[in-house]
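Visitor: The structure is given below, and queries will be raised subsequently.
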Amino acid sequence: MSDKVIIADTSCLIALKDINNLKLLNLVYNKITITPEIEAEFGESLPEWIIVEEVSDKKKISLLELELDKGESSAIALAIEEKDSLLIIDEKKGRKVAKKMGLKITGLLGVVVKAKENGLIEKVKPIIEDLENVEFHISKILKEKILNRVNEK
């Protein structure tokens, strides 16, 4: 396990909580870092393996908020401050901004695939189906791509 800081946006936390599988993040990454803004958006008590860290440069958050919501803005700002970080972000606009800033990103489905590749879960398909049942949007093309990648047709 590297010293990479793993930062999660709110949508990832909410989607996993909604399918009773928040522990998947803990299995894959050990610990997750979020901002107070994300903690407020999540609105529930956090497991001890989720660390809340303040963003030093509040101006950065304000600038990002011109385009994105508070949680995404704070997550991106924190990822910029943490040199060796991975940002888990799913919203298209937020991903685009994060990529433009040269940040390493993944999405919730990337986390699920990594869990399978590391032998932490047996199948990806049931988790994808659970996510779809709680209205987590997954395009048909992306779903097929992922299931092909993990040999689950």
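Visitor: Right, T35: crowded, with 22+ Cβ neighbours inside 10 Å, among the hydroxyl-bearing types (S, T, Y) and within 23 Å of V124 (Cβ to Cβ) or not? Walk me through it before giving the result.
Guide: Working: crowded, with 22+ Cβ neighbours inside 10 Å: yes; among the hydroxyl-bearing types (S, T, Y): yes; within 23 Å of V124 (Cβ to Cβ): no.
Against the criterion (crowded, with 22+ Cβ neighbours inside 10 Å, among the hydroxyl-bearing types (S, T, Y) and within 23 Å of V124 (Cβ to Cβ)), T35 does not qualify.
Visitor: Still on this structure, please answer the following. Among the residues in the stretch 59-66, are any assigned to a loop (DSSP other than H, G, I, E, B), acidic (D, E), modelled with pLDDT of 95 or more and more than 22 Å from L147 (Cβ to Cβ)? Even if it seems obvious, please write down each step before you answer.
Guide: The initial filter retains those residues of the stretch 59-66 that are assigned to a loop (DSSP other than H, G, I, E, B), namely 65-66.
Restricting the remaining residues to those that are acidic (D, E) gives 65.
Filter once more, keeping what is modelled with pLDDT of 95 or more: 65.
Of the ones still in play, those that are also more than 22 Å from L147 (Cβ to Cβ) are 65.
The answer is yes; a qualifying residue exists.
Visitor: So which of L25, L78 is touching a residue at least 60 places away in the same chain (Cβ under 8 Å), farther than 24 Å from S139 by Cβ, outside any strand (DSSP E or B) and open to solvent by less than 70 Å² (accessible area, probe 1.4 Å)? Let's see the steps before the verdict.
Guide: Details: L25 fails: farther than 24 Å from S139 by Cβ.
Answer to the check: L78.
Visitor: Within the stretch 120-153, count every residue that is under 21 Å from L22 (Cα atoms), among the β-branched types (V, I, T) and exposed (fewer than 11 other Cβ atoms within 10 Å of the Cβ).
Guide: Here the count works out to 0.
Visitor: State whether the residues of the stretch 55-73 include one that is open to solvent by less than 10 Å² (accessible area, probe 1.4 Å), under 15 Å from the mean Cα position of the chain (by Cα), under 13 Å from V5 (Cβ atoms) and among the β-branched types (V, I, T).
Guide: No; the residues of the stretch 55-73 include none that is open to solvent by less than 10 Å² (accessible area, probe 1.4 Å), under 15 Å from the mean Cα position of the chain (by Cα), under 13 Å from V5 (Cβ atoms) and among the β-branched types (V, I, T).
Visitor: Among the residues of the stretch 10-22 satisfying the criterion of being within 13 Å of the chain's Cα centre (by Cα) and in a helix (DSSP H, G or I), which is surrounded by the fewest Cβ atoms within 10 Å (Cβ to Cβ)?
Guide: This residue is K17.
The values are calculated or read from the model by the stated rules, or taken from the named source; none is laboratory data. Just so it is clear, the model here is predicted, and its values are computed rather than measured. So basically every Cβ, Gly included, is an ideal-geometry build from the backbone, and we count neighbours across all protein chains shown. The protein model used for the area step is the full one, side chains on, heavy atoms only, and it has no ligands, DNA or RNA in it. Shrake-Rupley method; radii C 1.70, N 1.55, O 1.52, S 1.80 Å.
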